[in-house]
Amino acid sequence: MSSVDVNELDGIPVVQFSGDCDEYDAHLLSEQIDALLESGQNTMIIDLTGTDYISSKGLGVLTTRHKKCLADKGNMAVVCSDQRILKVFEITCLDKLFAVRASPEDARKALA
């Protein structure tokens, strides 16, 4: 079962997704990001450390929400250290769109 939690790092929301970010559970991530955007948070970190798999649906959630962050003069960074998921970001060239870092602290620095 997938889950989403939100913490803060230096005042920036860190959305932690655990499980499979696929057609069945990607909505959990999108709902949480949308709630942050609606509350005025336009800069955030998406922590995929606990993510086992990400599908095109999950990547689509990240891409569209990233565009919303940028439109609101914010930004989004991604935390990921799993080589399989990093490979997906590389193959799709999303590693050039997102600041993908190994830790929330490194992601925070990338947003500065």
### Task
Could you please find all residues in the range 1-32 being touching a residue at least 40 places away in the same chain (Cβ under 8 Å) and of a type in the set (Asp, Glu)?
Asp10
### Query
Under the condition of being in a loop (DSSP other than H, G, I, E, B) and of a type in the set (Asp, Glu), which residue from the range 5-24 is nearest to the chain's Cα centre (by Cα)?
Asp22
### Query
Is at least one residue of the range 67-84 among the basic types (Lys, Arg), surrounded by 18 or more Cβ atoms within 10 Å (Cβ to Cβ), touching a Leu at 6+ places or on another chain (Cβ under 8 Å) and modelled with pLDDT of 95 or more?
no
### Query
Going by the structure shown, is Ala35 without any contact (Cβ under 8 Å) to a residue 40 or more places away in the chain, exposed (fewer than 13 other Cβ atoms within 10 Å of the Cβ) and out of contact with any Ser or Thr (no Cβ under 8 Å at 6 or more places or on another chain)?
no
### Task
For the range 38-58, name all the residues that are under 22 Å from Asp82 (Cβ atoms), surrounded by fewer than 19 Cβ atoms within 10 Å (Cβ to Cβ) and either under 11 Å from the mean Cα position of the chain (by Cα) or not hydroxyl-bearing (Ser, Thr, Tyr) (or both).
Thr49, Gly50, Asp52, Lys57
### Task
List the number of the failed condition for Asp47; all other conditions in (1) under 14 Å from Val14 (Cα atoms); (2) charged (D, E, K, R); (3) free of Cβ contacts under 8 Å to residues at least 40 places away in the same chain hold.
(3)
### Query
How do the helices (runs of 4 or more DSSP H) wholly within the range 55-112 filter down when requiring 2 or more residues that are among the hydroxyl-bearing types (Ser, Thr, Tyr) and more than 19 Å from Val6 (Cα to Cα): which remain?
56-71
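The values are calculated or read from the model by the stated rules, or taken from the named source; none is laboratory data. Bear in mind the structure is a predicted one, so any value in this text is a computation, not a measurement. Reconstructed Cβ throughout: ideal geometry from the backbone, glycine too, with neighbour counts over all protein chains shown.
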